[in-house]
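The values are calculated or read from the model by the stated rules, or taken from the named source; none is laboratory data. Keep in mind that what you see is a predicted model, and the values were worked out from it rather than measured. Cβ sites come from the backbone with ideal geometry, for glycine too, and all protein chains shown count toward neighbours. These accessible areas exclude ligands, DNA and RNA; they are computed on the full protein's heavy atoms, side chains included. Shrake-Rupley method; radii C 1.70, N 1.55, O 1.52, S 1.80 Å.
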Amino acid sequence: MIKNYFKTAWRNLVKNKAHSVINIVGLSVGMAVAMLIGLWVWDELSFDKFTPNYDHIAKVIQNVTNNGEVQTWESVPYPLAAELRKNYGGDFKAVVMVAGNGSHIVALDNNKQNKNGCYMEPQGPGMFSLQMLNGNRSALNDPSSMLISAAMAKSFFGTADPIGKILKIDNQATGKVAGVYKDFPQNSTFADMGFIAPWQMFYNMNGIKDIKEPWRPNFVSLYVQLAGNADMAAVSVQIKDAKLRNVSAVLAKKKPALFLLPMNRWHLYDDFKDGKNVGGAIRYVWMFGMIGVFVLLLACINFMNLSTARSEKRAREVGVRKAIGSLRSQLVYQFFSESLLCVAFAFLMALLFVQVGLPLFNEIEAKSIGIPWSSALFWITCIGFCLFTGIIAGSYPAFYLSSFRPVKVLKGTFRVGRLAAIPRKVLVVVQFIVSVTIIIGTIIIFQQIQYAKNRPVGYNRDRLVYIPVGTADIHKNYRAVQDELQKTGTVTLMAEGDVAPTDVAGSTSAIEWPGKDPNLSVDFQQNGVSPEYAKVAGWEFKAGRSFSNDFLSDSSAVVINEAAVKFMGMKDPVGKNLTYYGNSFKIVGVISDIVVDSPYGEVKSSVYFLNKGPGSTVLLKISPQMSASTALAKIESVFKQFNPQQPFEYHFVDQEYDKKFGNEQRIGTLAAFFAGLAIFISCLGLFGMASFTAEQRVKEIGVRKVLGASVINLWSLLSTDFIMLVVISLVFACPIAWYFANSWLQNFDYRSGISGWIFVITGAGALAITLLTVSFQSLKAAMANPIRSLKTE
């Protein structure tokens, strides 16, 4: 019987080729979108699940009160690790400090490469379940040993055995390779971690034992693994005041409160406001999950509409089947068989679309997602997915068509009537509500990105390049390097700084000024720069001047931004003094607020000091008379001459700034892609509906033409119904889109408004696309020869 169902279903598909193609293509596109989004959502939800200890690992972070607001810091002071082991040891199986996580210069003789790495305490590899390919995890007990990833081992040693080889890190410390671990997965916090060196090496190399107030600086990430019987929430409450009890009275004003952030929330729930979690990337998981469901729903609606629209043609078949004894349940099974057969073909096409589209999808999302062909769970999910889609797509046609009464059908008195079209019209409206909502949301995402990109950043990024330096060689030969660069004609200006213009060097709570509330805890961003920095970066001075070599007193001078002036409540600040760690510094200049954090956030109070030692970056202004590629080649030769210990690496400041928009840019690109597919699926359904309508009204059109109706009259007659449906959908879609878009914009401090033109343009576009879609069939029917349709009457 089942074989007969599918044989009949196949014959119906072949008989109605155009109808079948529209159904299968629409379903395949909808299923491909749902599969792509499903793979992406799975990748996001499985972030960091590489370790069996996933449910027992947490990061210790803190809420502190600064500048009158509660801020959340992920770094903590290093003595906290010993404090937790000493007083809360029963709650933790392991407490591990990690520091120096970032890019480092790693050298094997003359082979120098920039690699990501960190310094970690010995229990770390066990906590994170490192999979050792060679050596063992306990190697970090030796402060002169280190572990490297398989990728880094291949990069430096090829197929040779790396165990026992000596690598130099940042031209300061040497480490003996004692183990090789399997690369961390791409969807993990530690992706691209090239090496793990002992914490003790970092401790010795940076003179940490000489820090006078060790509870003040926050520079380590602290990870804990809970004991098997410990409750995460309860332990989080217990350790709340572990830092507060150990800090000085000055730091106590910050009211530091510790808490645990479980590993399962690191990636998707990492946004905090006023000390409370306000979500994070999970909002995008929900958003794309909903888009995937709705796009698939659009494809299912097409199937329902086209199937029920052809009900008159199938009515006689249903009547005959019922007359010769078919039960309604058998007819339901028949229609579900047709639906499932369509879904099966659509699924095969969807797999092909996904396989072809994944490279581009991965490039946009910076991921390495693949179809898990060998996973039984994947295939079980796919089968369930197909059954679900087939049942949803075929449910309405199956129960609607099987309900026809055979007596009326066979007598010829059966008519679907005008009311029968109402469900189809409702479904078309739903389709366009979803499509228009996604389109409006996509436009608002890009508008917000562009609004933030056009935000004044407080300096000139044009042809500005920064070069990270890990040694003091450039600083020692500063004038010589500058002269050589100017001789080549590549650089007009050069300066040194603690960090790139797009980053924050650090923060300080040691700023005091006349009239400051003694109970107010403050936190100023700080940066050290050379005297030429302001000119190279193109700072915009609102008052005063920059640092200068002409003033010896500038060693005790500072430049502050407008946010700092406003926060301190100073009038005419130039010439006034503020105190930094008890030393008096004169304010010599006030600059416009410089955007260094998120381009969507408020600019924080900042203070700039004159650097007395080497900075970690060199800032260059490339000459406009020379191409960037030529200039960089000459700059590289000069830097290799004076800094041979470091591989040459450069960054354009404007490109680095644009990276701050990466997440929203990717989301917008994907949303635009899915919005395009949604409107394509909707139009595919409209095309099929217009084709059916024209076919159904062919005799009416013939009569009207004979009576003198023009092509334009007939085109208007056939198009008006569809235009009205789209207009109704716009009425519902606009407020829905406004609500969700406005909620999304609330996540940003610096945000655009929602302009009315977005809704006007989207509405006009939807109407234009609808007209283009239905006009082909409308004009074809209007221009047909009426003799053909009327000759049998």
_Restricting the stretch 107-138 to residues that are more than 18 Å from Phe190 (Cα to Cα) and either in contact with a Leu (Cβ under 7 Å, 6 or more places away or on another chain) or not polar (S, T, N, Q) (or both), the residue that is surrounded by the most Cβ atoms within 10 Å (Cβ to Cβ)_ = Ala107
*Within the bounds of the stretch 359-378, is there any residue that is surrounded by 11 or more Cβ atoms within 10 Å (Cβ to Cβ), more than 23 Å from the chain's Cα centre (by Cα), free of Cβ contacts under 8 Å to residues at least 40 places away in the same chain and assigned to a helix (DSSP H, G or I)?*
yes
*Would you point out which residue out of Arg310, Arg283 is open to solvent by 10 Å² or more (accessible area, probe 1.4 Å), modelled with pLDDT of 85 or more and basic (Lys, Arg)?*
Arg283
_Criterion (buried (at least 22 other Cβ atoms within 10 Å of the Cβ) and among the small types (Gly, Ala, Ser)) met by exactly one of Ala537, Ala563_ = Ala537
*Of all residues in the stretch 481-513 being in a loop (DSSP other than H, G, I, E, B) and over 30 Å from Gln71 (Cα atoms), the one that is most open to solvent (accessible area, probe 1.4 Å)*: Gly489
*Test Ile758 against the criterion of being open to solvent by 20 Å² or more (accessible area, probe 1.4 Å) and modelled with pLDDT of 85 or more, and give yes or no.*
no
*If you check every pair at least six apart or on different chains, which have Cβ atoms under 6 Å apart with a residue in the stretch 647-662 that is closer than 15 Å to Gly497 by Cβ first and a residue that is open to solvent by less than 40 Å² (accessible area, probe 1.4 Å) and assigned to a loop (DSSP other than H, G, I, E, B) second?*
Val653/Pro501; Glu656/Thr502
_Looking only at the stretch 186-209, and only at residues there that are touching a Ser or Thr at 6+ places or on another chain (Cβ under 9 Å), open to solvent by 10 Å² or more (accessible area, probe 1.4 Å) and under 16 Å from Ser103 (Cα atoms), the one that is modelled with the lowest pLDDT_ = Asp192
*Could you say whether any residue in the stretch 300-309 is free of Cβ contacts under 8 Å to residues at least 60 places away in the same chain and within 30 Å of Gly390 (Cβ to Cβ)?*
no
*Name the pairs: first residue in the stretch 532-545 and within 13 Å of Asn460 (Cβ to Cβ) and at pLDDT 90 or above, second residue part of a loop (DSSP other than H, G, I, E, B) and open to solvent by 70 Å² or more (accessible area, probe 1.4 Å), Cβ to Cβ under 8 Å, at least 6 apart or on different chains?*
Ala537/Asn460; Gly538/Asn460
*Where a residue in the stretch 465-481 is of a type in the set (Lys, Arg) and its partner, wherever it lies, is surrounded by 15 or more Cβ atoms within 10 Å (Cβ to Cβ), with Cβ under 9 Å and at least six apart*: Lys476/Pro614; Lys476/Phe642
*asked:* For the structure I just gave you, tell me whether Ser402 is touching a Phe, Trp or Tyr at 6+ places or on another chain (Cβ under 8 Å), modelled with pLDDT of 70 or more, hydroxyl-bearing (Ser, Thr, Tyr) and surrounded by 18 or more Cβ atoms within 10 Å (Cβ to Cβ).
replied: no
*asked:* I'm trying to understand the selection: among the residues of the stretch 251-280, which are part of a loop (DSSP other than H, G, I, E, B) and open to solvent by 40 Å² or more (accessible area, probe 1.4 Å)?
replied: Lys253, Lys255, His267, Tyr269, Asp270, Asp271, Asp274, Val278
*asked:* I need every pair where a residue in the stretch 97-115 that is in contact (Cβ under 8 Å) with a residue 12 or more places away in the chain and among the hydrophobic types (A, V, I, L, M, F, W, C) has its Cβ under 7 Å from the Cβ of a residue that is open to solvent by 40 Å² or more (accessible area, probe 1.4 Å) and assigned to a strand (DSSP E or B), sequence separation at least 6 or different chains.
replied: Ile105/Lys112; Ile105/Asn114; Val106/Lys115; Ala107/Lys168
_Any chance Val588 is of a type in the set (A, V, I, L, M, F, W, C), closer than 19 Å to Lys535 by Cα, open to solvent by less than 20 Å² (accessible area, probe 1.4 Å) and in a loop (DSSP other than H, G, I, E, B)_ = no
*Quickly run through the stretch 231-250 and pick out the residues that are hydroxyl-bearing (Ser, Thr, Tyr) and not in a helix (DSSP H, G or I).*
Ser248
*Please identify the pairs in which a residue from the stretch 245-274 that is without any contact (Cβ under 8 Å) to a residue 12 or more places away in the chain has its Cβ atom under 6 Å from the Cβ atom of a residue that is open to solvent by less than 60 Å² (accessible area, probe 1.4 Å) and not in a strand (DSSP E or B), counting only partners at least 6 apart or on another chain.*
Asp270/Gly280
